[in-house]
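The next block holds one structure in the form of structure tokens; read it before the comments.
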Amino acid sequence: MAMIGRLSQKLLKSSALIQSRKLSAAVHGEQAAKTWKILSFVVALPGVAVCMVNMYLRAQQHDHGQPEFVPYSHLRIRSKRFPWGDGNHSLFHNSHLNALPDGFEHHDE
């Protein structure tokens with residue numbers, strides 16, 4: 001009988017210890033969440049804003065002319081026609097940037 005009493009006391013002590021550890025972890029978790037929230041607003045969002053401004057300014061300086069066509073033999077190989085359109089244009093074809101096997105498309109503007 002005394003053994004059951006000692007066992008129950010040990011179980012009660014261990015459950016109290018577990019509860020105190022859970023409480024400590026909860027307090028630490030709340031503090032960590034606050035820290036990450038502050039870091040998100042103070043560091044991450046301004047960092048993204050600075051990167052966006054940088055890329056916008058670079059895009060304004062960049063010349064968006066058509067690249068020179070170089071007829072490399074290993075590029076733009078058409079062994080089989082594409083199953084859409086005229087069979088020569090890729091699915092996301094951009095006539096200003098993507099050349100066909102014989103050169104860029106010329107548009108009269």
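None of the figures in this text is laboratory data; all of them are computed from the coordinates on show. Note that this is a predicted model, so its numbers are computed, not measured. Glycine gets a Cβ as well: all are built from the backbone with ideal geometry, and neighbour counts include every protein chain shown.
Annotations
- Calculated FRET efficiency for the pair Arg76/Met55, C-beta based, R₀ 35 Å, to 0.05: 0.75
- Using a Förster distance of 22 Å, the FRET efficiency for Ala44-His64 (Cβ separation, nearest 0.05): 0.10
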